[in-house]
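Peer 1: Here's a structure for you.
The values are calculated or read from the model by the stated rules, or taken from the named source; none is laboratory data. Keep in mind that this is a model prediction, so the values were computed, not measured. The area values use the complete protein model at the heavy-atom level, side chains included, leaving out ligands, DNA and RNA. Shrake-Rupley method; radii C 1.70, N 1.55, O 1.52, S 1.80 Å.
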Amino acid sequence: MKKILITGGAGYIGSHVVKQLAECADNRITVLDNFSTGFQSTVNTLQSKYSSIDMTELDLSHWDKVSDFMKKNRFDAVVHFAASLIVPESVRKPLTYYLNNTANTANLIKCCVESETNKFIFSSTAAVYGEPDLTGKAGVTEDMPLNPINPYGRSKCFSEHVIKDTAFAYEDFRFVILRYFNVAGASEDGLIGQSTLNATHLIKVAAETVIGKRKKMSIFGTDYPTKDGTCIRDYIHVDDLASAHLAALDYLQENKQGIFNCGYGHGYSVMEVIDTMKRVSGVDFLVEEAPRREGDPAVLISDSFKMKSMMNWVPKFDDLKYICKTALEWERGLK
Ligand code: UDP
């Protein structure tokens with residue numbers, strides 16, 4: 001049996017990983033969350049279906065308690081999601097991001113080393129690349145320079161350095177850093193989805209506009225150097241992103257480590273996403289043009305070759321219509 005700690009397991013991506021891990025018989029999963037943005041009810045829902053999930057309410061900023069908890073439990077692996085992740089908020093509250101993301105990650109890794117928990121999976125982000133120069137390239141490769149352009153991206157970039165330096169100094173410590181592109185959608189069975197309050201992410205905002213939770217939505221910037229002037233992102237379904245974590249655990253089990261992009265390798269503009277949501281829902285909701293949002297790069301598309309070839313990760317839901325459909329069905333259920 002593997003004992004796996006999932007920090008932030010009550011959140012959107014974390015809960016989908018908890019679900020997939022719980023579907024494998026030989027895992028014992030502990031969710032650690034402070035419920036600041038995640039939901040106890042999400043974990044309760046999963047616990048009612050799977051008996052292999054434990055839950056502990058704890059804030060990662062309580063470093064002494066985290067240390068005691070890690071020493072007491074001695075996990076085989078940690079999957080670290082707990083973090084703040086809204087780009088515009090990070091511009092307004094940088095210290096929150098450096099403390100929640102970088103400082104708490106450094107402490108968690110210290111606790112891992114001290115408790116001999118030597119397998120670590122880290123939720124990083126495409127925001128570490130900033131505005132990558134994609135001239136002559138289809139997508140960003142993992143070896144491209146890291147130039148984050150907002151505090152969120154910098155807070156994750158610094159965490160990556162902490163992880164890599166730790167692995168260099170402590171040879172037993174092994175990591176997989178997953179750089180997420182734009183995650184969206186929900187599990188098809190409708191059990192869990194994105195419940196985030198005050199959502200800012202495009203597909204969730206569009207789904208909320210379809211069901212009338214919002215009267216209208218905005219396109220932030222129509223003057224970017226892209227085909228239709230709106231930003232381009234690589235949208236990945238949450239269940240494919242979750243399965244990447246299971247592949248990463250297997251990879252660590254083989255004593256390997258590394259950094260991997262998690263995306264599909266192609267992008268859609270904001271206008272294309274909105275059009276798709278309109279077509280999938282059959283609702284022609286109100287959209288207005290607004291100025292650019294601070295901290296947004298024009299284009300972020302992954303090169304996902306490394307992940308697919310080295311981890312045998314096979315995405316199943318590379319379909320924007322399916323992503324929009326599952327996001328919308330989940331949103332309708334929340335109403
Ligand atoms: N966006 C938008 N309207 C919204 C939300 C997002 O035009 O209501 C744009 C945003 O400016 C960016 C893209 O959609 O260009 C993706 O933003 P999101 O917040 O979903 O993810 P991010 O790329 O910032 O992580």
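Peer 1: Using the Cα atoms of segment 251-330 to build a convex hull, what is its mean projected area in square nanometres?
Peer 2: Mean projected area for segment 251-330: 7.6 nm², to one decimal.
Peer 1: Starting from the exponent 0.38 and prefactor 2.2 Å, build the expected Rg for segment 37-184 from its residue count and divide its actual Cα Rg by it.
Peer 2: 1.13
Peer 1: From the Cα trace of segment 59-131, what convex hull volume per residue do you get, rounded to a whole Å³?
Peer 2: Once divided by residue count, the hull of segment 59-131 is 86 Å³.
Peer 1: Still on this structure, I have one more. For the chain, with every protein chain kept in place, what is the accessible area per residue (1.4 Å probe, Å²)?
Peer 2: I get 43 Å² per residue for this part.
Peer 1: Where does the chain land on the Kirkwood hydrodynamic radius, alpha-carbon pairs, in angstrom?
Peer 2: Its Kirkwood hydrodynamic radius stands at 20.1 Å.
Peer 1: Can you tell me which aspartates and glutamates have their Cα less than 20 Å from the Cα of Lys119? Leave out same-chain residues fewer than eight positions away.
Peer 2: Those aspartates and glutamates meeting the cut-off are Asp26, Asp33, Asp54, Asp68, Asp76, Glu160, Asp165, Glu171, Asp172, Asp250, Glu254.
Peer 1: Another one. Rounded, prolate or oblate, given the Cα gyration tensor of segment 187-335, with a/c below 1.5 counting as rounded?
Peer 2: oblate
Peer 1: Tell me the carbon and sulfur percent of the accessible area for the chain, rounded to whole percent, probe radius 1.4 Å.
Peer 2: Of the solvent-accessible surface of the chain, carbon and sulfur hold 51 percent.
Peer 1: Okay, next question. Full extension from Asp64 to Asp189: what is 0.36 nm times the residue separation minus their Cα-Cα distance, to one decimal in nm?
Peer 2: 41.1 nm
Peer 1: Further, regarding this structure: In deg cm²/dmol and to the nearest 500, what is the mean residue ellipticity at 222 nm of the chain if only DSSP H runs of at least 4 residues count, each as -39500 (n - 2.57), divided by the residue total?
Peer 2: -12000 deg cm²/dmol
Peer 1: Radius of gyration and Dmax for segment 199-256's Cα atoms, expressed in Å?
Peer 2: Expressed in Å, the Cα Rg and Dmax of segment 199-256 come to 17.5, 51.
Peer 1: Lysine pairs in segment 192-290 with Cα distance under 22 Å, only those 8 or more apart or on different chains: how many are there?
Peer 2: 8
Peer 1: A further question follows. Across all directions of projection, what mean area in square nanometres is found for the Cα convex hull of segment 1-98?
Peer 2: Value for segment 1-98: 6.4 nm².
Peer 1: Follow-up. In degrees between 0 and 90, to the nearest 10, how far off the longest principal axis of the chain does helix 238-253 point, with axes built from Cα atoms?
Peer 2: 30
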